[in-house]
Amino acid sequence: MTRSELAEAVTEATTLSRVEAKLIVDEVIDEISNALLNDGVIKLTKFGVFSVRLKSERMGRNPKTGEEVPITPRRIIAFKPADGLKKTINSRTEDAADGIWREAQLRKQMPSLLPNDHQAAFARGFHSHQIQMTLTAT
């Protein structure tokens, strides 16, 4: 999701104009960035924790030449998702996996019942949600 898409989602979920939503999204992102710069940690309940970590100097290898090269110390941003976010993501992943399994069973059982163009679409690996409108239109 991009900033513009996020601002559009805020516009649709509220009574704010697009300009107001964009300003709010930009302000929130600026505040998050400033908090990481100043405090090094941002805790968002039910979402997760962003933190700044220091990576120490280490030796790396140039993949082309094989030469060892020192990698300088730097700060990185890490994210640890909250348990609630993990559960949400995993429950949707299980739903998606179940849908893929059901579609595979449909491919095995019903390809001869579908018109030839749909058989070809299934053979090319299209998923049922990608051709659903075509199936219902025929």
Taking θ = phi - 60°, what integer Hz values does the Karplus form 6.51 cos²θ - 1.76 cosθ + 1.60 yield along the stretch 42-58, in sequence order, with x for Gly and Pro? 10, 10, 10, 3, 6, 10, x, 10, 9, 9, 9, 10, 9, 9, 7, 5, 8
So the FRET efficiency between Ser91 and Arg61, C-beta based with R0 = 41 Å and rounded to 0.05, is 0.50
Please list, in chain and number order, the residues 5+ apart from Gly48 or on another chain whose amide H is under 5 Å from its amide H, with Hs placed from the backbone. Ala82
Quick one: grab Rg to one decimal and Dmax as a whole number for the stretch 29-99, Cα atoms only, in Å. 18.2, 48
The stretch 1-47: proportion of alpha-carbon pairs further apart than 11 angstrom, %: 67 percent
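Sort 65-75, 35-45 by packing, meaning the average of other beta carbons within 10 Å per residue, with the highest value first.
Going by the mean number of other Cβ atoms within 10 Å, highest first, we get 35-45, 65-75.
Every number in this text was worked out from the coordinates using simple rules, so none of it is lab data. Worth saying up front: this structure is predicted, and the values here are computed from it rather than measured. Reconstructed Cβ throughout: ideal geometry from the backbone, glycine too, with neighbour counts over all protein chains shown.
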